[in-house]
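Please read the structure below before turning to the comments.
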Amino acid sequence: MYKAENVKDACAIFMTLVSRGVVDEKSSRLLQAYKNVPEVREIISGVFEPAAEVKVLNAVDKLYISPGIDNRVFGYTNTELRDLLGLKTNAELYTAYFIILCLMAMFYDSEDLNVVTRQFVPVIELESFVTDKTEKIGQLEEIAVIEEELEFGFSHAVYLWRDLPDYDDKLKSLARSKNNKVSFILKVCNFLQAQDLVIVHQDREIYLRDRLDCMVRRYYSDTSRKEQLLQFLLSGGQAARRDQVAAN
């Protein structure tokens, strides 16, 4: 049987995460209870996480909550995400996902994909990266097979990105750009900023927040699908081609 005090602390931690999204210095006693009392962590990981289909992420001086992939209570549906991002179609939503994947690939461009290798990513550099990857993926003959294996609609992003106009470099402010590649990227990154996942500095530079870094390293660090997707992007599709050849 669990101690009543530890059950109360575990419940308080979970409810704080649900209501605030974070346990930090404002709830220092609860934060210390999670970090210093094994039974509190056991209750959360063994009871609350599977029951609510969430994951509690333990950062250095904070706790975060992240919904499971299929969580329809704490997570977003495709329709909700489209509304929040101001998108109209699932093709646009897949493109938004693709931009986020590209951003992660640029930040975690390392051998194990779990170490941040740069301080920030310039918006213009992200645009070039997305353009380069969509062009290379669009040339793959086996794209339909890859989409099925990786469970991601790459072709939606390829075609939509190809049709978007380039950024007008005569504009002094990136924020003034409309209906082009850069404005689409800023729309996605501003959404991530609203979720406390990144910082968009003067519409020019993107910085990771601790919450997103913790999600990538501690929640998705052991998932082969994350590694497959990022390796696919970083290799420009070459890894997928080799896998396909080997399979045949």
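The values are calculated or read from the model by the stated rules, or taken from the named source; none is laboratory data. As the structure is a computational prediction, the values presented were derived from the model and not from experiment. Every residue, glycine among them, receives a Cβ derived from its backbone with ideal geometry; neighbour counts consider all protein chains shown.
Look at the range 64-80: where a residue is loosely packed, with under 14 Cβ neighbours inside 10 Å and a partner is of a type outside the set (A, V, I, L, M, F, W, C) and at pLDDT 85 or above, sitting 6+ places away or on another chain with Cβ atoms under 9 Å, you get Asn78/Asn90. Of everything in the range 95-143 that is among the aromatic types (Phe, Trp, Tyr) and under 16 Å from the mean Cα position of the chain (by Cα), the residue that is surrounded by the most Cβ atoms within 10 Å (Cβ to Cβ) is Phe98.
Taking the range 39-57 as the range and being at pLDDT below 95 and among the charged types (D, E, K, R) as the test, the residues that pass are Glu49, Glu53, Lys55.
When the residues of the range 170-210 are filtered to those that are at pLDDT 90 or above, in a loop (DSSP other than H, G, I, E, B) and farther than 20 Å from Thr131 by Cβ, which remaining residue is nearest to the chain's Cα centre (by Cα)? Filtering first and then ranking leaves Leu197.
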